[in-house]
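K.L.:
Submitted below is the structure of interest, expressed as structure tokens.
Only the coordinates and a few stated rules stand behind these numbers; no lab work does. The structure presented is a predicted model; accordingly, all values stated were derived computationally and were not measured. Heads up, the Cβs are rebuilt from the backbone with ideal geometry, glycines too, and the neighbour counts pull from every protein chain shown.
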Amino acid sequence: VDKYVESTGNKTFRQVAKLLQIKEPTFREFLKKNKIMYQLNGEWAAYSNHTDAGRFYVKTGVSDSGHAFNQVLFTPKGIEWIAAELAKSNVREVMA
């Protein structure tokens, strides 16, 4: 995780799940349960407090077919933060 945090690249949900070695459905449930991300019109969006904190970058654009889209990307800061949050969650589960 540390080498990705030092980089300047933003990562997709799938890239972060693979990096953190967590199954995508489990990762999505964690994000939803902890009010980090939510579904909006079939797309995943980050809560504004996390975007404001610099954990996510929202990429907007128009596809070749003319469809407007938003894509939420994890920033290096966000990857480091979510890795720590997952670790805390895992510790709580072990202690329970």
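K.L.:
My understanding is that a pair violates if its Cα-Cα distance is over 19 Å; which of LYS59/LYS88; LYS11/LYS88; LYS11/LYS59; LYS33/LYS88; LYS35/LYS88 do that in this structure?
P.N.:
Numbers: LYS59/LYS88 29 Å; LYS11/LYS88 22 Å; LYS11/LYS59 11 Å; LYS33/LYS88 14 Å; LYS35/LYS88 15 Å.
Checking Cα-Cα distances, LYS59/LYS88; LYS11/LYS88 exceed 19 Å.
K.L.:
If you don't mind, another one. To the nearest 500 deg cm²/dmol, what mean residue ellipticity at 222 nm is calculated for the chain from DSSP H runs of n ≥ 4 alone, each contributing -39,500 (n - 2.57), summed and divided by the residues? Don't skip to the answer; put the middle values down first.
P.N.:
Working: 5 runs with 48 residues, N = 96.
Value at 222 nm, helices only: -14500 deg cm²/dmol.
K.L.:
Here is a further query. What angle do you read, to the nearest 10 degrees and between 0 and 90, between the alpha-carbon axis of helix 76-95 and the longest principal axis of the chain?
P.N.:
It is inclined by approximately 40 degrees.
K.L.:
Now for a different question. Near ALA87, within a Cβ-to-Cβ distance under 12 Å, what is the net charge of the other residues, with Lys and Arg +1 and Asp and Glu -1?
P.N.:
Values: positive: LYS88, ARG92; negative: GLU80, GLU85, GLU93.
Taking every other residue near ALA87 into account, the sum is -1.
K.L.:
Shifting gears a bit: Which percent of Cα-Cα pairs in the chain sits in each 5 Å bin, short to long?
P.N.:
3, 12, 22, 26, 18, 11, 5, 2, 1, 0, 0
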